[in-house]
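Here is the structure we will look at, set down as structure tokens.
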Amino acid sequence: MRHIDIVLRSTHNPLLVASMLLMFVFTAYAQNAAYDGYTLYSSSNSRTTYLIDMQGTVVHSWQHALTGGYACYLLENGNLLRPASIPNAPLRGAASSGLVQEIDWHGNVVWEYQYSSPTYILHHDIEAMPNGNILMIAWEVKTAAQAQALGRTSSTAFWPDHIIEVQPTRPSGGTIVWKWHAWDHLVQDKDASKPNYGVISEHPGRLDINLRGGNVLPGSGDWLHINGISYNPDEDEIVISSHYMNEIYVIDHSTTMEEAAGNSGGRHGRGGDILYRWGNPANYAASGTKHFDVLHCSWWIPTGSPGAGNILAYNNGMRQRASEILEISPPRDAHGRYIHDAGTAFEPASPVWSYSNGTSFFSNHLGGNQRLPNGNTLIAESTKGRLFEVTASGERVWEHTIGRETPRALRYAADYPGLAALRTTAVTNVSSKSEIPVLWNHPNPCTDITVINYRCESAAAVRLSIHDVMGRVVRTFTRDVHAPGLQQFTWNAKDELGKHVSNGVYYYTVESGGRRATSTMLVLAE
């Protein structure tokens, strides 16, 4: 700032002064408004996972032998955790996987766990726990006769969801150390002779077995279609999201497996019954607003981020063709137990925060949301293949378009332990003789043509990418191997006018030999 002040006081060109001030303001905005870090994602049914920087440049990727892509996580040890789809699995449904893999930085599978048979299979999301165990979502098949024995009126197959916690046994396999089954927490009011008969409104901790969802495949019995799981280590609770029932459910993880199958025990004394539910009060015969129209990605906001302890959820808004992100703050008493009056809808009546943008923000299914430590929210507008970050006021401060359906994305801080290998590479690059030590463009500011200069000490292929302050790529150039020394790219901003470019600050990045350098320019093309 002091350097800029000295330059401005010594400059007598008003246009240059205004340009430098505009560049400083835009640069400070771009650097400070978005949460700095690296974004991890994998597209639907993909065999590649990508890690990109704030300019949208791929800084690392993993190639996989099996498709997957619904969820992926970067562990603190630098390994990738992902569900993978087993070929020709005997039981299949939307986002079914059957396999969870841990993959090291170099793409080697260091652990995997298979959970698949004709009567059960993993699907959708997973969650790594602080103790090293993994939470997984799975279907289990119940026959129509089994379901009818518990009061279900339909004569079709029935696939209730269950959750398993797996303690890994390396290099493959594991032990199920905890589990929860929706099948153990059902209620119905159709047949008094059945053991789970009861008044629906008096049992909000249980699921009405006769609630109607949709079917993923013809003849399948997918009932709840749980698609998101998140763990709250502070409360030892799990939240899951149901696509078909348009609700989020919180369950107590402090129970034993035996307690989780019943309705007593655990920290809350209610066993595996639902502690808290939100989004569709009619499901338990209460009056109130239905908040979701297709639901994805229930996600606990972690300690250290604004709203810690609240729950984010992605409302696809399928019929309105307008999606939104909702933040729910469940009411608790002084002992941390959920407050709920019998016969009424679970509070709050409305979310404490939401983001929407009419029909310009819409994904009819899938969707991801993450609260960042600076209070911003990272969103995956999945079916459009677009990732973006918004502030608490809804201002969009970062965006990256993938162009392929991408269910989720997660941002990791630059100092996250799992990125140690990336930082080591960066340190090596800085000290290397083949780095790109010189990068500038002239004229700057430019109204049309500007020449971007860079110098390399060794021969290598070169890639130049130009981004706007939202991270969107405006133009990419590539050049085959060239001789060492000073090199140049020429760019005509006016050629892009009406397509991508408007007045403002742009970033340009040159990559060569695994090294890169980034600088800024001011465009006054209009």
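The values are calculated or read from the model by the stated rules, or taken from the named source; none is laboratory data. Treat the numbers as computed from the prediction; the structure is a model and nothing was measured. When we count neighbours, we look across all protein chains shown, and the Cβ atoms used for this are built from the backbone with ideal geometry, even at glycine.
Structure summary
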item: Residues of region 270-281 satisfying the condition of being of a type outside the set (D, E, K, R) and within 29 Å of the chain's Cα centre (by Cα); result: G272, I274, L275, Y276, W278, G279, N280, P281
item: Flag for H203 being out of contact with any Gly (no Cβ under 9 Å at 6 or more places or on another chain) and modelled with pLDDT of 95 or more; result: yes
item: Residues that are under 22 Å from the mean Cα position of the chain (by Cα) and among the aromatic types (F, W, Y), drawn from region 223-269; result: Y231, Y244, Y249
item: Test for D222: is it among the charged types (D, E, K, R) and under 23 Å from V141 (Cβ atoms); result: yes
item: All positions within region 337-383 that are acidic (D, E) and either modelled with pLDDT under 95 or part of a loop (DSSP other than H, G, I, E, B) (or both); result: D341, E347
item: Leading residue by the ranking (modelled with the highest pLDDT) among those in region 461-516 that are among the acidic types (D, E) and assigned to a strand (DSSP E or B); result: E511
item: Selected residue (only one of D341, D293 is free of Cβ contacts under 8 Å to residues at least 12 places away in the same chain and more than 22 Å from D236 (Cβ to Cβ)); result: D341
item: Qualifying residues in region 132-170 (those that are more than 13 Å from W183 (Cα to Cα) and of a type in the set (S, T, N, Q)) - the one nearest to the chain's Cα centre (by Cα); result: N133
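Quick grid of which residues meet (1) over 15 Å from the mean Cα position of the chain (by Cα); (2) free of Cβ contacts under 8 Å to residues at least 12 places away in the same chain; (3) surrounded by fewer than 18 Cβ atoms within 10 Å (Cβ to Cβ); (4) not assigned by TED's automatic domain parsing to the domain that holds H243:
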site: S363; (1), (2), (3), (4): no, no, no, no
site: G367; (1), (2), (3), (4): no, no, no, no
site: L372; (1), (2), (3), (4): no, no, no, no
site: N376; (1), (2), (3), (4): no, no, no, no
site: G385; (1), (2), (3), (4): no, no, no, no
site: E395; (1), (2), (3), (4): yes, no, yes, no
site: E405; (1), (2), (3), (4): no, no, no, no
site: A413; (1), (2), (3), (4): no, no, yes, no
site: G418; (1), (2), (3), (4): yes, no, no, no
